[in-house]
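Engineer: Quick one: the structure is below, questions incoming.
The values are calculated or read from the model by the stated rules, or taken from the named source; none is laboratory data. Since the structure is predicted, the reported quantities are computational estimates derived from the model, not experimental observations. Positions of Cβ are backbone-derived with ideal geometry, glycine not excepted, and every protein chain shown enters the neighbour counts. Just the protein is used for accessible areas: all its heavy atoms, side chains included, with ligands, DNA and RNA removed. Shrake-Rupley method; radii C 1.70, N 1.55, O 1.52, S 1.80 Å.
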Amino acid sequence: MSAKEVKSALKNAREAIKNKEYKEALKHCKAVLKLEKNNYNAWVFIGVAACELEQPDQAQTAYKKAMELEPGQPLAWQGLASLYEKSNQADFKTELPKVYEKLATLYESSDKEKCYEVGKKLVDLYHSRKDDAQAARWLRRLISLKGDVDKEEELQLWLRMVQLLADSVEEQDNQTQQHLITAFEKAVLLIDPPCDKHKRLLTDYIKCLSKLQHEEVKMKEACDSMLCLYPSDAFPLEVLSLHYIQTRGFCSDEAAKSFSRLLEADGDSGLGHIGLGMRALEDGEYEAAVKRLDQGLKRMPSCIIGWYSQAQARLKMHQYRDVIVSCTQGMKLCCEGGDELSQRFMQLKIEALVRSGGQQNADEALEILSQIPNSEKDPVLMSFKGRAFLQKGLIEQAFQVSSEVLMSQPSQADALSLKGLVHFAKEETQQAEQSFLKAVEQCPNSGEYYFLLGKLYWHMGEETRRDKRKAHEHLLKAARLDPFLGSAFRYLGHYYRDFAKELGRARGCYKRAFDLDSSDVESGAATVDLSMEQGLMDSALGVLKSVTDTATPGLAKWAWVRRGLYYLKTGQHSQATEDLQAALKADPQDYICWECLGEAYLNRRMFTSALKTFARAHELNPESIYNLYQMAAIKQTLGKFKEAVKEYMQIIEQEDYVPALKGLGECLLAMARSAFMDYLDGRAVDLLQEAIAFLFRAVQQRPDLSCLWKLLGDACTATHIVSPSRAKLLVPGLLSGLDPLDQKHMLDQNQVLKLGERCYAQALKRMGEAANLWHDLGLNYYHQSRQLIFSEEKQDSLLPLEKSLQCLKKAIMLDASNYTYWNALGVVAMSKGIENFALAQHSFIKSINMEANNVIAWTNLGALYLKKENMELAYKAFNTAQSLEPSYVNCWIGQALIAENIGNYDTMDLFRHTTELSTHTEGVKGYAFWVCSTLLDKTNRNSELYLYNIVQMNAVSAAQVALCKYTERIQTDSDAFTMLGYLNEHLQLKKLAVQAYQRAVELLQAGPPTKKLSFALRNYGRALCHTGQWEKAVDIYLSTPQEDIHDVTGLALSYFRAGRLQDSINTYETATALACTEEEKACLLTALALLECHRGSTDAAKTLLFKCSMLKDPIPESLQCLCALGLVQGDGTLANAALSELLKLPRNQVAVEELCILTSALLALQGNCAAVQREAARAVHRNPGNPSLWALLSQLVPQYYPRKAEGGAVAGAVACHSSVTQGKKALLFSGINQLAAGRHSKEDQRKNALKTIQRAILLSPADPACWAALMAACHTENVARVLSGAAPRWQGLEKRLLSMVSEEVKVVEAVERPQALALEAWALQQAVSGLRQVGRHVEAESLCTEVLRMSPEQPAVFLLLRQIECENLLHSAPTLPSSVLDQLSSMMVAGQASLSAWHWLAEVYRTQGLLVQAVMVYRQSLQLASQMGHFSWKMATLLRLALLALGPCMACEPSAEWKDLVLEATSEALKLGPCPVALLIQALLQFSLKMGARETRRQLERIVYTPVPGQPETVVSVARWYLLRHYHAKNDLEPIDTLMNHAKASGDCRLLELQKRLLC
């Protein structure tokens, strides 16, 4: 190829590169190289193409080949530089600077612009590699390359150099640093000042120079230059100040000038303050130094030298705690290691710790000392070590240290002082004095050594203790030499206070000591005490405030206590509370402080807080009576009298402390008054007797105290409230004045009141002008007169009344503004015996004028008007009283009495309201009277008034409770006892009714015979009949005049109840002659019919009842008796006819529940069980608010229609919630329904039969039916657990529950005895069944044997015994002899066995393989169940028969006879109602006949997937079992998965186990 072709190929290569066809370019270049191996352009083009094709190694080789060929050509170097720039290979990046250097050299002579650009790249590259020297060199080279450039561009270059080098100036070599300084200088010169840019650059220049210690001169020049240009800028001054501080050149005038100028420019400059503080420290101005350093370090906390200077200054001022803080902070800032400044901090801290005292500080000092290297060679440090040992009590070690130091340096002052301290600790005062004197000789300007000498003389010898002048001399020298030594001033204060008696100087010295050391508690306390003693309260409070304002919580107790006591003394209780609380934070164990705080709370009326505070003080000081007394007094104030009594009793057990005795008497008196308010009169009298006893003890201690005599009088007078029979007190002979004086005497009410009179007289002897005592004495006389009026001494009652009047007038004379005195005067004036109504009215009006909101006076004024029969004024007065205080009961009683007088229908409501407000005798009796009157009126039972006042307002219970309180207090009111007995009868409180009627009879028998007595005897006899005291009732009725028909009928009933039938019949026949109305005659004939029926003469009874029904207006009772007689005799026609007549009567004459019972019984007699349930449900629907009907429905459902047992349970629950009386039985009925519905704990943990019956037992523990039901519930639970695979839980309870049933049956009344005996027999069978079920046959047999031994005539028990014996034979021998079977069969037929016994016999036949006989037994059982009308037994028999017939079918012994029997039995069962078990048996029959048939699948799936309501889970589980077998037989996988999921959701583990077995 020619040169032309080479050129053409190179041209093509260039075009290919331009078109980015790099592979084509390589081909052309290779073609060229074949001809010219050393073609420069070809190698360059190869490098370019290879670079673009990302072949860096080939490109590098090509470029280097080209450079070898022509080293002076830049093209290859440019390509290589481009390659290195694009690539990330480390070796390429390393070689890049060399390439740039070569390019710059090539361009330098030919093209300076390109050289400049390459140089810039080199600068950036070297800067990125942190090669600042090379970067600076090339920047200088770039500046020289530019030559005559403009000023701005040159400035940028110098700034670029500054930017590159300024960040790492400390790490650069000297040449680079000089380059940087030159750059700064050049740049500063190129900028025209003043301007921000120049200022910033100059600032950076100064910062750079400040980092270079050898450029101090230039730094100062730059700062001066900047200060000249920018005098307001504080930066250069800060740099200069920092320089002076760091180089410790702060003593020069130049430095002081810089510090001052800095603070002038920036008043908050930390450097300025620190510098001036260090200067003050050098000048000995320690207070100014501390102040300056504190200000500086707040703004510049990182200044180490500042912390050191502060520590030095505070050490000079003996502020050791602050020194420790400063040293600790400085040591944190120092570099870790053994540098000199850190060791200085350690030495200062050691000295501060040692001088501050304390074992903990000594330990810390020794620890720090061990960290200082070669500390044992420093005598000062060793002296501090000795002092640390001395503070820890290690005297010998301290002595050894001092000896070692003195051996090396005998004149060392610190060691001498240490030796003196050791001798002082050993009480070697002479040696100590010599050591301290030598120390003073070595350092005559040391105030500390003079103080130690003065302190030694203060405590040295008897002579120096008496004469403190020598000590005073040395202490004064110490104070002059070291004016910051607070301990010297403290001892001077002691001298001036205790010896010189110059309190002013003493206070000044203490004040100086405390100002120097705020932790000096002794000096501070002495300062405050002396200030207060001298009357300088402001000064004292100022000191205390200065302490408390800076004290942290838990410190400065002395200050808080003193200020708290000052505030407490001056009546500023809130501030006292706060200060005393703060004091307790410092010392929570100071009981005196707790007592002071309690006083503060008490003065603030914060009783609860005060109580807790005194309780805490008592815990800390249990021997203090004061705390106990205050606790008791506070509880008394809070009305916690019982607790207060306990506290007072603890005090008087220690001593007869009169305030405690007085408080105890007051508490007991208050408790007695509270008991009177609650009508607990017996308790109140006991409390009064205790109060009198304790108050008399107090009087014996302090007979001069009028208040004690007054309290005794109050206690005695308080007995006027109770009945005279209760108001009997045992009083000491000394107090009562009766002989013998050393014994106690029983005083009656009159004597106790007279004793109260004498006590008030004693009080008046001591305080004759006390109006309240005259008032109390007047009331005592008034109560004496009232007691005499109600006793047999009525003629003597006038004198006490006159005395009462005079006493009250005397009280008014002494204090005419007291409204209570006027009110009392009015009460006495209107009382019987005086009846000065004008005076009474005047007194009440005066009382009202004295106090407008005077409800008592208004009420008494109303009573006065009511007594004068002025109803209008009385109403207004009572109305005003009501408006003033609606809860005051007396004004409401007045309104009720007005309503009663005018015949208002709101009377009863008003009396009821009085009983709701509080118990008052007048209101109680009035309300009881109206309640009894309303109850006696039988015609208003359905009226709105009766329903509201009696039923809705629960009037009977409320009146009965109120009357109980009334009769407890007023025991002579026969009317009240009669009403109480009547109310007790209504509440079925029969024994209480007997007691009330008996008391009424006793009260009336004390007087002449009256109609009221006959009425009371009649009530008493009736109540005795209700409690079963028949013979006594006969006697009571015989004591009546026998003129009233009620007396005769009551006697007849008593005869009947006593078993004297003929006397009863004769008496009833006598009563018929007294009958005035046909209704009375009908009732008597009905009673005679019942007696004839009881005697067995049913025909005579029918005749009498027919005779009753033939009357014009037959009474419903006779028709009910006739219907019941028909039901008992099984005469449905008679019962139906009587019931029809009953239904014709008006609804209000016959109770709906009685009609429902009779109708249901008639339907049951007719065998219509479903109709029984429907009739009861219909009655409930018509009367949903009648709980008796709900209870009846719940009772009938399980017996006659158990399929509705769920509804029966709900009905029982409704009855339980609707009525308390019906709730007890209804809850039992609800539980029985749950039993019938199969509701056990496995189905529902909360609502099940066991839980419900347990609740019923809690309500009625004396009901044997509840215990029998519990036995059945436990049996059900055990069966359910066994079926679920769990162990029975309620085992071993059969005998215990049976014994409970038997015990409760024994106390059942004779009328209910037959049913109770039947229940007991059932419980016995249930117990035996439970024992048999768990295999305890021996116990079951012994139980039956024991019962037969007690009562041989019990065929059912005998049959049970035979069943058990038969089961024992079956366990021993599988086959029974035919004779045994025949005997069992004959016993069943002869003994009228129960249905369960027939089922058992059929099961025995089945086990013996006698299936035909078993079928016959089941059919006989079915016939018996049908005759008895037992639905559940009929259903059970049919299902058992079906199961019996299913057995041969499932055993692959199909027979048309068994198949038909299964279908027959299940069909009959399904006719009775829904029966899931019957459906299951039919499905199993189908399974046994055709396991794989579609009909089999359909029947089983219907049971599993579409269960009927109430379907047991067991039925579904069995159906799943056989359905799974069907699916496996058909190999139907998808339904199997569905069935297994259904089983998992239902928790059917047995099916899952079967699936595993089938898969295996």
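Engineer: Report the gain in length on full extension from Glu1243 to Ser609: 0.36 nm times residue separation, minus Cα-Cα distance, nm rounded to one decimal.
Structural biologist: Working: separation 634, 0.36 × 634 = 228.24 nm, distance 5.54 nm.
Length difference between fully extended and current span is 222.7 nm.
Engineer: Next question. For every other residue with a beta carbon closer than 10 angstrom to the beta carbon of Ala899, add +1 if it is Lys or Arg and -1 if Asp or Glu, then tell me the sum.
Structural biologist: On the way: positive: none; negative: Glu900, Asp906, Asp909.
After counting each charged neighbour, the total is -3.
Engineer: Return the distance in nm (one decimal) between the two label points of a simple spin-label model at Glu1457 and Glu533, each offset 7 Å from Cα along Cα→Cβ.
Structural biologist: Output for this residue pair reads 12.9 nm.
Engineer: Okay, moving on. If the viscosity is 1.567 mPa s and the temperature 4 °C, what Stokes-Einstein diffusion coefficient in µm²/s follows for region 1188-1285 when Rh is the Kirkwood radius over Cα pairs? Working shown, then result.
Structural biologist: Details: Rh = 13.0 Å.
D, rounded to a whole number, is 100 µm²/s.
Engineer: At a Förster distance of 60 Å, what's the computed FRET efficiency of Thr939 paired with Glu851, Cβ-Cβ distance as r, to 0.05? Please list the in-between numbers first.
Structural biologist: On the way: r = 50 Å, r/R0 = 0.83.
Here the calculated transfer efficiency is 0.75.
Engineer: For region 852-913, taking Cα atoms only, what is the radius of gyration to one decimal and the Dmax to the nearest whole Å?
Structural biologist: Considering region 852-913 through its Cα atoms, Rg and Dmax are 10.5, 32 Å.
Engineer: How long is region 936-979 along each principal axis, judged by its Cα atoms, biggest number first, in Å?
Structural biologist: 36, 18, 9
Engineer: Still on this model: With the cut-off at 26 Å, tell me which of the pairs Lys291/Lys438; Lys662/Lys765; Lys754/Lys925; Lys965/Lys990; Lys468/Lys511; Lys867/Lys925 have Cα atoms farther apart than that. Let's see the in-between values first.
Structural biologist: Working: Lys291/Lys438 36 Å; Lys662/Lys765 19 Å; Lys754/Lys925 30 Å; Lys965/Lys990 18 Å; Lys468/Lys511 21 Å; Lys867/Lys925 19 Å.
Going by Cα-Cα distance, Lys291/Lys438; Lys754/Lys925 fall outside the 26 Å limit.
Engineer: I've got another one for you. What is the packing order of peptides 52-59, 1284-1291, 1209-1216, 20-27, taking the mean over residues of other C-beta atoms within 10 Å and listing the highest first? Spell out each step's value before the answer.
Structural biologist: Numbers: 52-59: 15.6, 1284-1291: 12.6, 1209-1216: 24.8, 20-27: 17.1.
Descending mean neighbour count gives 1209-1216, 20-27, 52-59, 1284-1291.
Engineer: Would you tally the net charge around Thr717, using a Cβ to Cβ cut-off of less than 9 Å, leaving Thr717 out, and scoring K and R as +1, D and E as -1? Could the numbers behind the result be given before it?
Structural biologist: Working: positive: none; negative: Asp714, Glu757, Asp776.
Every neighbour counted, the sum reads -3.
Engineer: Hey, another quick one. Can you tell me the mean projection area, over all orientations, of the convex hull of region 936-1043's alpha carbons? Units nm², please.
Structural biologist: Values: hull surface 29.8 nm².
Average of the hull's projected areas for region 936-1043 equals 7.5 nm².
Engineer: Now for a separate question. Grab the beta carbon distance between Leu1552 and Lys1471, set R0 = 45 Å, and tell me the FRET efficiency rounded to 0.05.
Structural biologist: Working: r = 37 Å, r/R0 = 0.82.
Result of the calculation: an efficiency of 0.75.
Engineer: Let me ask something else about it. Would you give the gap between the C-alpha center of region 1-47 and the C-alpha center of region 1199-1273, rounded to a whole Å?
Structural biologist: Measuring centre to centre over Cα atoms gives 113 Å.
Engineer: OK, next. Spin-label point model (7 Å from Cα, Cβ direction): what's the Asn38 to Leu1145 distance in nm?
Structural biologist: 15.2 nm
Engineer: Now for a different question. Could you give the C-alpha radius of gyration of region 1000-1067 expressed as a fraction of 2.2 N^0.38 Å, taking N as the number of residues it contains? Don't skip to the answer; put the middle values down first.
Structural biologist: Numbers: Rg = 11.6 Å, N = 68, 2.2 N^0.38 = 10.9 Å.
Relative to the 2.2 N^0.38 Å estimate, region 1000-1067 comes out at 1.06.
Engineer: How many Å² of accessible area per residue for region 802-923, probe 1.4 Å? Intermediate values should be presented prior to the final figure.
Structural biologist: On the way: 5680 Å² over 122 residues.
Counting only protein heavy atoms, the per-residue value for region 802-923 is 47 Å².
Engineer: Given +1 on the Cβ of Lys and Arg, -1 on the Cβ of Asp and Glu, and no further charges, what dipole in debye does region 572-722 carry about its Cα centre, rounded to the nearest 20? Before the final figure, lay out the partial values.
Structural biologist: On the way: 15 positive and 20 negative charges, 89 e Å.
That gives a dipole near 420 debye.
Engineer: Related question: Bin by bin, in steps of 5 Å, what percent of the Cα pairs in region 756-900 do you find, going until the bin that has the longest distance?
Structural biologist: 2, 11, 18, 19, 19, 16, 10, 4, 1, 0
Engineer: With a 10 Å radius around each residue's Cβ, average the other Cβ atoms per peptide and rank 725-736, 1089-1100, highest first.
Structural biologist: Working: 725-736: 17.7, 1089-1100: 16.1.
Answer by packing, highest mean first, reads 725-736, 1089-1100.
Engineer: For a Förster distance of 60 Å, can you work out the FRET efficiency between the beta-carbons of Glu655 and Lys876, rounded to the nearest 0.05? Write out the running numbers ahead of the final one.
Structural biologist: Details: r = 58 Å, r/R0 = 0.97.
Computed FRET efficiency for Glu655 and Lys876 comes out at 0.55.
Engineer: Tell me the label-point distance for the pair Val1152, Lys1012, using the 7 Å Cα-to-Cβ offset, in nm and rounded to one decimal.
Structural biologist: 4.3 nm
Engineer: Starting with the highest mean, order 740-750, 1020-1030 by the number of other Cβ atoms within 10 Å, averaged over the residues of each peptide.
Structural biologist: Details: 740-750: 14.5, 1020-1030: 21.1.
Descending mean neighbour count gives 1020-1030, 740-750.
Engineer: When Rg is the radius of gyration of the Cα atoms in region 872-1026 and Rh is its Kirkwood radius, what does Rg/Rh come to?
Structural biologist: On the way: Rg = 16.4 Å, Rh = 16.3 Å.
Using only Cα positions, Rg/Rh for region 872-1026 is 1.00.
Engineer: How long is the gain from Glu885 to Glu1079 if the chain were fully straight, where each residue apart is worth 0.36 nm and the alpha carbon distance is subtracted?
Structural biologist: Values: separation 194, 0.36 × 194 = 69.84 nm, distance 5.27 nm.
Extra length from Glu885 to Glu1079 when fully extended: 64.6 nm.
Engineer: Full-extension gain between Leu741 and Glu968, please, as 0.36 nm times their residue separation minus the C-alpha to C-alpha distance.
Structural biologist: Length difference between fully extended and current span is 78.3 nm.
Engineer: Further, regarding this structure: Determine which residues of region 1120-1147 fall in the zone a paramagnetic label at Thr1098 would reach in this model, i.e. backbone nitrogen under 19 Å from the point 7 Å along Cα→Cβ.
Structural biologist: Residues passing the 19 Å test: 1120-1139.
Engineer: Pull up all non-local amide H partners of His745: gap of 5 or more, or a different chain, and H-to-H distance under 5 Å with H placed in the peptide plane.
Structural biologist: Val731, Gly733
Engineer: Using alpha-carbon positions, what is the distance between the centroids of region 1509-1549 and region 823-901, in Å?
Structural biologist: With region 1509-1549 and region 823-901 each reduced to a Cα centre, they are spaced 88 Å.
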